[in-house]
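These notes concern the structure reproduced below.
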Amino acid sequence: PAMLEQARHTLQKCDGLPLAISTIGGFLGTKPKTVVEWRKMHGRINAELEINPELRTIKTVLMRSYDGLPYHLKSCFLYTSIFSEDRKIERRRLVLRWTAEGYSRDMHGMTATEICRRYFDELLDRSMILPGEGTDRYSQKINSCQLHDMIREICMSKAREDNFVLTLEEGCCLSDTQGAIRHLVIGSNWKRDKDVLESMLDLSHVRSLTVFGEWRSFFISDNMRYVRVLD
């Protein structure tokens, strides 16, 4: 309570307050309910409050939520960065893609798809993804999801840092792209430059190719030996 009251007082003019509180709740809900865990979290936020009380606290809370994800949920979460900003992500499409990627397998009487549906619900419960417009979380009729702007910023940053997703779009810079790409996205506003694909990118480990807008035959390369998903 003291932690939330201090955050409320400091962040009362910041739009991220409801998100920060719900994210803290989702994060702490997965931790042992002990005084030690709460004090650790309280101490981390206090340190950030001293540095930048209006912005860095929220980003730190959100980053802690990401760091606290199990490995399998981190991959599922970063996968959402494939979809463009403000795009509604259909639950069925996301679950099918996770399944095709091999993020789960049949076990304990559940199919891989059923387990991926559970992953979707876990990310919802942790407030890492939000119910899409027109869905009712409490009636279990959630057919889509979306990312809060600040969550998406962290998702995109971690995806780039881990070389997880590369999005080709107008104005993108390829000079910082190093190593093999795992998930390649071609945006609708990209110029469709064949030379870029053939000479500037390492496609040998691409697992998924997602194309928005016009399709070109040269998008498929003989170097793509590990592709699991074409969308």
Name all residues of region 75-89 having a backbone nitrogen under 18 Å from the label point set 7 Å from the Cα of Leu174 along its Cα→Cβ direction, giving them as ranges.
none
Going residue by residue through region 191-208, the Karplus relation 6.51 cos²θ - 1.76 cosθ + 1.60 with θ = phi - 60° gives ³J(HN,Hα) values, rounded to whole Hz and with x marking Gly or Pro, of 6, 6, 8, 5, 4, 4, 5, 7, 10, 10, 10, 8, 9, 5, 10, 5, 9, 9
With a 1.4 Å probe and all protein chains left in place, how much of the accessible area of region 73-231 comes from carbon and sulfur atoms, in whole percent?
42
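Could you give the length gained by full extension between Asp106 and Arg225, i.e. 0.36 nm per residue of separation minus their alpha carbon distance, to one decimal place?
Working: separation 119, 0.36 × 119 = 42.84 nm, distance 2.48 nm.
In short, 40.4 nm is gained.
The values are calculated or read from the model by the stated rules, or taken from the named source; none is laboratory data. Just so we're clear, the structure is a prediction, and the values are computed from it rather than from any experiment. Neighbour counts are summed over all protein chains in view; Cβ atoms, including those assigned to glycine, are modelled from backbone coordinates with ideal geometry. Calculation scope for accessible area: heavy atoms of the full protein, side chains included, ligands and nucleic acids excluded. Shrake-Rupley method; radii C 1.70, N 1.55, O 1.52, S 1.80 Å.
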